[in-house]
Every structure is written in structure tokens, then in C-alpha cells.
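One structure is given below, encoded as C-alpha cells.
The values are calculated or read from the model by the stated rules, or taken from the named source; none is laboratory data. Remember, predicted model here, so these are calculated numbers, not experimental data. Please note: Cβ atoms are built from the backbone with ideal geometry, for glycine as well, and neighbour counts cover all protein chains shown.
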Amino acid sequence: MEDYAYSEKGYKLWFKIRPIFKKLFRIEVEGIENIPQDKGCIIASNHRSNLDPFVLNVVSPKPILFMAKQELFKVPVLSWLIKKAGAIPVRRDSRDIGALKKAIQLANSGHCIGIFPEGGRVKPGQFGKPQSGVGLLVSKTDAQVLPVRIEGTDIVMPVGAKFPKIGKAPIKIKIGKPLEIDRNKDYKEIAEFIMENIKAL
């Protein structure tokens, strides 16, 4: 399978400059200590803006490798950036077993995988229905699953906007403690359990 490993050199540079973006975008974070430093994890967040992966990687103590729709890998410049960031391309028109296997492999080898259970961006202030594929992914790995709620990115960069309106509103990120998940349950039940915990933050 093609290797989508992130650029370690790129992330070292990113970690040096990201405090600038945290201040610029007025990002506030709670629960950052819940992200494990020495083991793999799955970050499960709500999704309302294209800024969401960016702001999570602004605050995380380790790189978060996101599962991203395959179409983004065809966009000039953006394609290069997300490949260097370790993004995993996903075909949304079918169950992409290859992408799931890659995410499982990375999570089990100590990486932090970012997923959006809703499957895509939803309307401002709202939550979407979780996709059962999230339950499948979680059931196949022993990695900790952390629920995350993001507020404000849909104001700074709503759906349809080409550029963020920096400083228009603060961005608040709350990272919950690892969930106790019964991995023997139905995939749909697991996905719904994760989504409910995101909403409760």
C-alpha cells in the first residue's frame, strides 16, 4: 500500500510557528492533556468548517493525521500540503477498506488519527448523523478514542468561504477524556455513542 506518512521535518517546523496561528485565530483549548503522548489515539470531532483539521493541529502535542476526501488530493497546492501532513485519502462513494486499513495501522503504531464522525461539514451550530464506518474503524483498533467539540470555526470560515475571517470570533476546542467503548457492539451503535459524547462536551 502506498505510504502516506507525514513529513517529520515539516511538522517540526510547524510546531515552531503554530503559536502564531493560535494567537491570530484566538484559539482556546481545554483538555489538551487528554491526548496521549506515548500511544496511538483517535480524535473524533464535530465538523463545521474546513478550518477544523487546521485548528486541531495548532493545539495538539503530536501530529494528527486526518482522513480526508479523495477529491482534496486533486487540488493544486492543497494536495501537496495535506500529503505532507499525513492525510489519508478516502473515497466517499463507497466503503473504502484500504483507507480504513491504513488508519488502523497508523493508530496501532502510535499515531494520532483524526476523524469526523458526521462524514462531512454540517450547518453552523448543528450536529450531523454519524457514519457507521467510524464504528468499524474504532472496533478494529485498541487505540484510545477522544471526543472533541469545536465551536467558532463555522463563524470564522463557514461553508462556501474561500478564506477565513481572522479574529471575527474566538475558536474554542474542548477535548474529552478517553471513552470506554464496547467494541463488540454494532458499528452504528459505536458511532452514535461517540457522537453523543461529542455533543455532551
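The table that follows gives values for the structure above.
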quantity	calculated
Qualifying positions in segment 170-193 - touching an Asp or Glu at 6+ places or on another chain (Cβ under 9 Å) and not charged (D, E, K, R)	170, 171, 173, 175, 190, 193
Test for residue 149: is it modelled with pLDDT under 95 and in contact with a helix residue (DSSP H, G or I) (Cβ under 6 Å, 6 or more places away or on another chain)	no
Residue among 192, 196, 180 that is part of a loop (DSSP other than H, G, I, E, B), out of contact with any Lys or Arg (no Cβ under 6 Å at 6 or more places or on another chain) and not polar (S, T, N, Q)	180
Selection from segment 39-74 of residues that are aromatic (Phe, Trp, Tyr) and closer than 25 Å to residue 170 by Cα	54, 66
In segment 9-51, the residues that are closer than 17 Å to residue 145 by Cβ, out of contact with any Cys (no Cβ under 7 Å at 6 or more places or on another chain) and either among the hydrophobic types (A, V, I, L, M, F, W, C) or modelled with pLDDT under 95 (or both)	32, 36, 37, 38, 39, 42, 44
Only listed residue being within 15 Å of the chain's Cα centre (by Cα), surrounded by 15 or more Cβ atoms within 10 Å (Cβ to Cβ) and of a type in the set (Lys, Arg), chosen from 48, 26	48
Selection from segment 71-123 of residues that are modelled with pLDDT of 90 or more, under 18 Å from residue 46 (Cα atoms) and surrounded by 14 or more Cβ atoms within 10 Å (Cβ to Cβ)	112, 113, 114, 115, 116, 117, 118, 121, 122
Test: residue 54 is at pLDDT 85 or above, out of contact with any Cys (no Cβ under 6 Å at 6 or more places or on another chain), in a strand (DSSP E or B) and under 29 Å from residue 156 (Cβ atoms)	no
Candidate set from segment 61-91 (those that are within 11 Å of the chain's Cα centre (by Cα) and in a loop (DSSP other than H, G, I, E, B)); member that is farthest from residue 146 (Cα to Cα)	87
Residue 171 being modelled with pLDDT of 95 or more and out of contact with any His (no Cβ under 8 Å at 6 or more places or on another chain)	yes
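Residue-wise test of (1) touching a Pro at 6+ places or on another chain (Cβ under 8 Å); (2) assigned to a loop (DSSP other than H, G, I, E, B).
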{"position": "119", "(1), (2)": "yes, yes"}
{"position": "130", "(1), (2)": "yes, yes"}
{"position": "135", "(1), (2)": "no, no"}
{"position": "145", "(1), (2)": "yes, no"}
{"position": "154", "(1), (2)": "yes, no"}
{"position": "164", "(1), (2)": "no, yes"}
